[in-house]
Every structure is written in C-alpha cells, then in structure tokens.
Amino acid sequence: MEESNKTAIFFDSHSSNEAFARTAVSAFVSQLDPTVEELADIKTAVSEAVTNCIVHAYRESFGRIYITVRIKGNEVKITVKDKGIGIENIERALEPEFTTGADDERSGIGFSVMAAFTDKLSVRSKPNKGTTVTMIKKINAKSR
C-alpha cells in the first residue's frame, strides 16, 4: 500500500501571506526530495493560486484562504480554496490573458501559469460561494 501524508493550513487573504503559503507548501513537499526546478514549479503555482484569491475572490475585502496538500507516492495534490465572489464563467476565466481587473493592473495569466507549472489543473467555482483550484504535480516522475 502506498503511503500518504496530508496537511492543511488557512490564513487571512493579506498579500503578505502569499510568501507564507508558498513556503509552507514547499516545506511540506520537500519530504519527497524534489528537484530545485520541481520545487520552484510548486512555489510558482501556489503563489499564483493564492494571489488570485487575494486579488479576485475578496477584491475590496478580506477573507480566508484554505490550502490542503496531500502526498501519495510521488504525486502532490494541492487544493487552494476561498469563499469569495466566485467565478461566473470558468471556461472564460481559463482563457489566457482574460482578467476581471483593470487592463493595466493584471495580465490575466494566473491560471495559465498554474497549468504550465503543474501536471493537472482543475477549477470549480460558484458565484458568491467561492472557488477551489486543484493542482497535481508528480515529483521526480522522470527518474522513477
């Protein structure tokens, strides 16, 4: 039977907590002895997911951001959840360069970056209920 391990954290949607989230997740994933590149990929994806919560989910307010990390074998499943305004049209939101922010403020590539740095990305959302982003990354997949 494959061993598994799980952790969960939550924190307020202050921009200063983005670095905390990135560091906490990468510290937990370190038990798999990832390459520097794999760890950088995870940090980048988590950073984008948390930033989306801070900027879009809670816009002019604050709320909680919930992260769950589950390790099973060499697979890491990271779930980032908020209880913010939600996404009306997920398909549209997943399009590169789509943003609900002002054009000069946001590039609209958050989901594209998350997808590029993980092996699988899924997004679930309900307006006024929140959004859940799930990212899966295989660690040391090439050497196993």
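Things to note:
- Among the residues of the stretch 41-71, those identified as out of contact with any Phe, Trp or Tyr (no Cβ under 8 Å at 6 or more places or on another chain) and more than 19 Å from K120 (Cβ to Cβ) are T51, C53, I54, V55, H56, A57, Y58, R59, E60, S61, F62, G63.
- Residue selected from the stretch 19-58 under the condition in contact (Cβ under 8 Å) with a residue 60 or more places away in the chain, of a type in the set (S, T, N, Q) and crowded, with 16+ Cβ neighbours inside 10 Å, by the criterion farthest from F111 (Cα to Cα): T44
- Count - residues of the stretch 16-58 that are outside any helix (DSSP H, G or I) and over 11 Å from D82 (Cβ atoms): 4
- Looking only at the stretch 69-90, residues that are part of a loop (DSSP other than H, G, I, E, B) and out of contact with any Cys (no Cβ under 7 Å at 6 or more places or on another chain) come to 8 in all.
- Within the stretch 27-52, being closer than 16 Å to A116 by Cα and of a type in the set (G, A, S) holds for A40, A45, S47, A49.
Read the figures in this text as sums done on the coordinates, not as results from a lab. Quick caveat: nothing in here was measured; it's all calculated off a predicted structure. For neighbour counting, all protein chains shown are included, and Cβ atoms are generated from backbone atoms with ideal geometry for every residue, glycine included.
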